[in-house]
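These notes are about the structure you will find just below.
The values are calculated or read from the model by the stated rules, or taken from the named source; none is laboratory data. Everything numeric here is computed off the predicted structure, so don't read it as measured data. Backbone-built Cβ (ideal geometry, glycine too); neighbour counts: all protein chains shown.
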Amino acid sequence: MGPDTAEPPPKALILDYLAFCQNQAAANVSTLVFDGPSGFYWLKFSKFELQFYSIRHIQQHVGELMERLGLDAGEIDWIGSYPAQISS
């Protein structure tokens, strides 16, 4: 049984989670050793290269989510149409 997809999460919850993610990034990015290994034995490149790899990977998932939202849920009223903008 999958998650309940009848209602999108409320805007306030999304914005709270966004703030949490931004705080985590600000607190942890300064501790990264960019010239060290990626941290994954199957990714044979540096931690610096891992950042680019991760951005590309996230972009792929965002594209898939946008496609699903467009096909399955229609438009979520507080997101609007492409390009999506989040304002507080």
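Would you confirm, using the coordinates I've provided, whether Y41 is of a type outside the set (D, E, K, R) and within 20 Å of the chain's Cα centre (by Cα)?
Details: of a type outside the set (D, E, K, R): yes; within 20 Å of the chain's Cα centre (by Cα): no.
Against the criterion (of a type outside the set (D, E, K, R) and within 20 Å of the chain's Cα centre (by Cα)), Y41 does not qualify.
Looking at (1) under 30 Å from L69 (Cα atoms); (2) assigned to a helix (DSSP H, G or I); (3) among the charged types (D, E, K, R), find the lone condition where E49 falls short.
(1)
If you scan the range 1-30, which residues turn out to be assigned to a helix (DSSP H, G or I) and modelled with pLDDT under 90? Talk me through it step by step, then tell me what you get.
First, pick out the residues of the range 1-30 that are assigned to a helix (DSSP H, G or I): 11-30.
Across the range 1-30, the qualifying residues are V29, S30.
Is one or more of the residues making up the range 23-46 among the charged types (D, E, K, R) and either surrounded by 10 or more Cβ atoms within 10 Å (Cβ to Cβ) or within 30 Å of A6 (Cα to Cα) (or both)? Before the answer, list the steps.
If we filter the range 23-46 for residues that are among the charged types (D, E, K, R), which is where we start, we get 35, 44.
Applying the additional criterion that residues be either surrounded by 10 or more Cβ atoms within 10 Å (Cβ to Cβ) or within 30 Å of A6 (Cα to Cα) (or both) yields none.
There is no residue in the range 23-46 that is among the charged types (D, E, K, R) and either surrounded by 10 or more Cβ atoms within 10 Å (Cβ to Cβ) or within 30 Å of A6 (Cα to Cα) (or both).
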